[in-house]
Amino acid sequence: MDINNSNVIITGGSSGIGKETAKQFIAKGANVVITGRDKTKLNQVAQEIGAIPLLFDVSDTASIPSMTTEAIELLEGKLDTLVNNAGIGVFSRLGEITIEDLQAVYTTNVFGLALLTQEVVKTFKKQNYGNIINIGSTAALKGFERGSIYAASKFAVRGMTQCWQSELRKHNIRVSLVNPSEVASAFSNENREERQEEANKLGPKEIADTIVNLVEVRDKGFIPEVTIWATNPF
């Protein structure tokens with residue numbers, strides 16, 4: 001797809017992978033709506049990078065139909081790409097898991113993602129065209145200590161991605177999963193402040209580069225899944 005003049009929605013777009021991805025799309029001429037939960041931060045980032053801000057928490061599942069309509073209206077009724085980036089993590093050992101933590105993680109990482117995509121697909125089917133990029137994790141490939149809640153949510157995203165690939169190819173809708181290994185970002189920081197990049201860990205740029213490259217593949221083909229590892233994490 002030619003990104004210039006295309007329309008993009010990126011959830012969790014006010015920091016980390018979402019922010020960097022928005023910057024790269026905008027640099028290539030796209031119109032980008034970024035969503036976030038912190039109004040001040042969202043507006044500051046949108047002004048900084050030239051995005052369109054939309055205060056929207058995907059865990060508020062009841063608001064998803066109306067907020068999807070608003071997002072698409074901000075893009076004048078046309079949408080080319082949805083990047084499902086918003087996500088949270090709770091890392092508890094077996095024996096410490098609570099129903100509240102399970103519900104919180106699944107509501108954002110799985111339920112909100114699925115219900116938002118379901119709304120967006122209505123537009124994609126009318127157009128007979130669209131791109132969906134789901135941000136998974138290497139935790140979607142293999143579990144790890146303290147990963148019961150988070151890894152399970154990402155396994156669910158991987159499974160849904162594969163189902164949607166089967167359902168949507170006949171509508172010329174491309175669905176891809178991007179699995180980053182550990183990224184130095186605001187993710188899992190309680191104060192949501194960006195972490196400094198570390199030499200032995202990925203940064204948001206490597207993930208954003210991958211997302212942009214997936215979308216730029218000619219429309220006749222798509223890449224179902226890609227995993228990005230740090231070259232030397234030791």
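The values are calculated or read from the model by the stated rules, or taken from the named source; none is laboratory data. Everything numeric in this text was worked out from a predicted model, so none of it was measured. A quick note on method: Cβ atoms are made from the backbone with ideal geometry, for glycine too, and the neighbour counts reach across all protein chains shown.
Quick notes
Table: residues versus (1) within 25 Å of Glu182 (Cα to Cα); (2) surrounded by fewer than 17 Cβ atoms within 10 Å (Cβ to Cβ); (3) of a type in the set (D, E, K, R).
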residue: Asp38; (1), (2), (3): yes, yes, yes
residue: Asp57; (1), (2), (3): yes, no, yes
residue: Glu70; (1), (2), (3): no, yes, yes
residue: Leu82; (1), (2), (3): yes, no, no
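Table: residues versus (1) among the hydroxyl-bearing types (Ser, Thr, Tyr); (2) under 23 Å from Gly159 (Cα atoms); (3) in contact (Cβ under 8 Å) with a residue 24 or more places away in the chain.
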site: Ala71; (1), (2), (3): no, no, yes
site: Leu74; (1), (2), (3): no, no, yes
site: Leu82; (1), (2), (3): no, yes, yes
site: Phe91; (1), (2), (3): no, yes, yes
site: Gly95; (1), (2), (3): no, no, no
site: Leu102; (1), (2), (3): no, yes, yes
site: Thr108; (1), (2), (3): yes, yes, yes
site: Gln118; (1), (2), (3): no, yes, no
site: Lys125; (1), (2), (3): no, yes, yes
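Results for (1) in a helix (DSSP H, G or I); (2) polar (S, T, N, Q); (3) in contact with a strand residue (DSSP E or B) (Cβ under 7 Å, 6 or more places away or on another chain), shown as yes or no for each residue.
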{"residue": "Val32", "(1), (2), (3)": "no, no, yes"}
{"residue": "Thr35", "(1), (2), (3)": "no, yes, yes"}
{"residue": "Pro53", "(1), (2), (3)": "no, no, yes"}
{"residue": "Asp57", "(1), (2), (3)": "no, no, no"}
{"residue": "Ala62", "(1), (2), (3)": "yes, no, no"}
{"residue": "Thr69", "(1), (2), (3)": "yes, yes, no"}
{"residue": "Ile97", "(1), (2), (3)": "no, no, no"}
{"residue": "Leu102", "(1), (2), (3)": "yes, no, no"}
{"residue": "Leu113", "(1), (2), (3)": "yes, no, yes"}
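- Qualifying residues in segment 153-180 (those that are among the small types (Gly, Ala, Ser) and in a helix (DSSP H, G or I)) - the one farthest from the chain's Cα centre (by Cα): Ser166
- Among the candidates Gln118, Gln103, the residue that is modelled with pLDDT of 95 or more, surrounded by fewer than 19 Cβ atoms within 10 Å (Cβ to Cβ), more than 23 Å from Ile17 (Cβ to Cβ) and out of contact with any helix residue (DSSP H, G or I) (no Cβ under 7 Å at 6 or more places or on another chain) is uniquely Gln103.
- Test: residue in segment 46-63 that is within 19 Å of Ile132 (Cα to Cα) and either touching a Pro at 6+ places or on another chain (Cβ under 9 Å) or at pLDDT below 95 (or both): no
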